Amino acid sequence: MPKISIITAVVAGKDDYLNETWQSLVDQELPAGWDFEWIIQEDGTTGEPRKRLAADDPRIDYGMGTWSRAASARTLAAGRITGRYVRALDADDVLLPGALARDIEVLEREPVGWVVSPAIDLHEDGSLVPGPRDPDPGLLPDQMLFDGEAAGEMPVLGTTMTGRTELIHALGGWPAIPRGEDAAIVVAMEAVSPGWMQAEPSIYYRRWPAQTTADGKIFDLAYAAPTLARAKALRALGWRWTPTHASV
């Protein structure tokens, strides 16, 4: 049975919405014959987020590791992937209906390495605000994300990414930077493979005081520099990734 792997990094004290995230995953309707696994990686070794999670489900794979921030947690989790595709999902976000099925459908049909989608900001007062720079749906123009990151105007949220497992492994997973690692992996993917933009939003991106980007400093040149340098180096190598799955 083919699977899609959902990777979530979580840290004790910032696990307030973990059960809502799980419920949004359970509510997904996947294509016939598909299943999912939820790989949760605690950034730390307290075990508290697992205790807070009400669900007891064999599809949940919980791991722990030395505290070293979200990028490290995600890359540690990547070692336990068994699915054909990988979806990043923050511990405080909510998947919208049909999100996983739409990504699977595109990756099964199109010779692309990754898919991204619009996100809707969910504020504490319940208001919903769409992203300001969503690209047009369909095949994304080459280097659009690189140029956006370089200008401090990344057009998509990296946490909306669903990618092919072998491509994520080939690129070494999420780079060890303090923030912006979700954008960094997508910019690296763009350097070696085409990507696809969905028309419909896939998540409610929760805005709340405890989130990592609550200080508003989403873009920082010091953090963006290694992302851009890696993408430039990958392009200079001339290597292009192509899917091997029979359906494409």
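Just so it is clear, none of the values below were taken in a lab; they were calculated from the coordinates. For clarity, every value in this text was computed on a predicted model and none was experimentally measured. Here Cβ is always computed from backbone atoms with ideal geometry, including for glycine, and neighbour counts include all displayed protein chains.
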> Which one of A224, A184, A73 has the biggest mean-square fluctuation once the chain is modelled by GNM with Cα springs under 10 Å?
Replying inline: A224
> Under a point-charge model restricted to the Cβ atoms of Lys and Arg (+1) and Asp and Glu (-1), what is the dipole moment magnitude of the chain relative to its Cα centre, in debye to the nearest 20?
Replying inline: 820
>> Helix-only estimate, please: 222 nm mean residue ellipticity of the chain, summing -39500 (n - 2.57) across DSSP H runs of length 4 or more and dividing by its residues, to the nearest 500.
In response: -9000 deg cm²/dmol
>> Run through the range 75-138 and list the trypsin sites (Lys or Arg not before Pro) located in a DSSP loop whose Cβ has at most 15 other Cβ atoms within 10 Å.
In response: R80, R133
>> Rounded to two decimals, what is the ratio between the C-alpha radius of gyration of the range 118-242 and 2.2 N^0.38 Å?
In response: 1.06
> Of the residues W34, W114, W196, which exhibits the maximal mean-square fluctuation in a Gaussian network model of the chain defined by a 10 Å Cα contact cut-off?
Replying inline: W34
> Among the aspartates and glutamates, which have Cα under 15 Å from the Cα of K232 when same-chain residues fewer than 8 positions away are ignored?
Replying inline: D142, D147, E149, E190
> Where in the range 4-25 is the amide nitrogen less than 18 Å from a point lying 7 Å along the Cα-to-Cβ axis of Y62?
Replying inline: 6-25
> What per residue convex hull volume, in Å³, do the alpha-carbon atoms of the chain yield?
Replying inline: 118
>> What do you get for GluC sites (Glu not before Pro) in the range 96-132 restricted to DSSP loop and a cutoff of at most 12 other Cβ within 10 Å of the site's Cβ?
In response: E124
> Which of V186, V156, V129 moves most in a GNM of the chain, Cα contacts under 10 Å?
Replying inline: V129
> Given a Förster radius of 45 Å and the C-beta distance between R109 and T46 as r, what FRET efficiency does 1/(1 + (r/R0)^6) yield to the nearest 0.05?
Replying inline: 0.60
> Over what distance in Å are the Cα centres of the range 100-122 and the range 145-182 separated?
Replying inline: 14
> Normalised by the residues of the chain, what does the relative contact order come to in percent, with Cα pairs under 8 Å and at least six apart?
Replying inline: 23
